[in-house]
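The block underneath contains the structure these notes are about, expressed in structure tokens.
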Amino acid sequence: MAATKTDETSLPDRGAGDTSPDLTIEQLAGEVGMSVRNIRNHHSRGLLPAPEVRARVGYYGADHVARLRLILDLQADGFNLAAIERLLSGSDGLAERLLGLRHAVTTPFEAETPEVVTAEDLAKSFGEVSAKDIERVRKLRLLVPLGGDRFEVPSPALLRAAEEVVALGISLHAALALMERVSRDCESISRAFAKLFLKELWDPFEQAGQPDERWDEVIEAVGALRPLASEALLAVFKQRMTTQLEGAFGKVLEHQAKR
């Protein structure tokens, strides 16, 4: 019976736990979604370890796949190849640790699925909107134009809140003006929490020489800080909101009593 020729571009059948280099450069390219030319360029720059050569053919393994995916992640985060080269030439695992830190910082609190609405939908909910308010909506990124009369809504929950506020009889103009102030205040509060992280967590870690055993601790602290900041802000807001409403409606009742 004649032997069947194996397709060189197909991925080999690797058993569980098999980490031996068994990918040709073409298979490696398919595995990570990168061109063969770019892989060779990364190798020539020293970004990728040399393959294991057997019978004059280079074979790549799991470590090469992980390294290329790390490079892709770093590029997606805005690092150019020169910066990536400096990171990868640093202490063992530095690039992975910095990427883990960045992911901890940038991971959304709670992911919302954006929705798409039309100009007709918005008109039904909010009526005619002035040019000034349209500009406010754009700056606050409450809606993202998609072309034609379609818009993406990054936060459907925020849009529904706006619809309910307007339904209560509060003008969209007044609601947007308040949103601008809330956005500025949140920017200031967020900056204060970021400074707290740098001063109390990162600076001592940096001064200690970034010890290897503390990297996971710092990354976990960043991941914990974000939801804690959100919970603290909401708790304080609830207290202050209750106090303000009690004061405001106390004045309303006092005025009513004098009528």
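The values are calculated or read from the model by the stated rules, or taken from the named source; none is laboratory data. Please read all numbers here as calculations on a predicted model, not as lab measurements. Counting neighbours? That spans all protein chains shown, and the Cβs are built from the backbone with ideal geometry, glycine included. These area figures cover heavy atoms from the full protein model, side chains too; ligands, DNA and RNA do not enter into them. Shrake-Rupley method; radii C 1.70, N 1.55, O 1.52, S 1.80 Å.
In the range 155-187, what residues are open to solvent by 60 Å² or more (accessible area, probe 1.4 Å) and within 23 Å of G223 (Cβ to Cβ)?
Result: E187, single match.
Can you confirm whether A157 is touching a residue at least 24 places away in the same chain (Cβ under 8 Å), under 28 Å from A119 (Cα atoms) and either within 20 Å of the chain's Cα centre (by Cα) or outside any helix (DSSP H, G or I) (or both)?
yes
Could you count how many residues in the range 119-154 are open to solvent by less than 70 Å² (accessible area, probe 1.4 Å) and either in contact with a strand residue (DSSP E or B) (Cβ under 6 Å, 6 or more places away or on another chain) or in a loop (DSSP other than H, G, I, E, B) (or both)?
So the answer is 10.
Going through the range 134-154 one residue at a time, which ones are at pLDDT below 90 and over 23 Å from the mean Cα position of the chain (by Cα)?
I134, E135, R136, G147, G148, D149 - these are the residues of the range 134-154 that are at pLDDT below 90 and over 23 Å from the mean Cα position of the chain (by Cα).
Do you know which of the residues in the range 58-85 that are open to solvent by 40 Å² or more (accessible area, probe 1.4 Å) and in a loop (DSSP other than H, G, I, E, B) is farthest from H103 (Cα to Cα)?
Going through the qualifying residues, I end up with N80.
Consider E213 against the criteria (1) assigned to a helix (DSSP H, G or I); (2) at pLDDT below 90; (3) open to solvent by less than 90 Å² (accessible area, probe 1.4 Å): it satisfies all of them except one. Which criterion is unmet?
(3)
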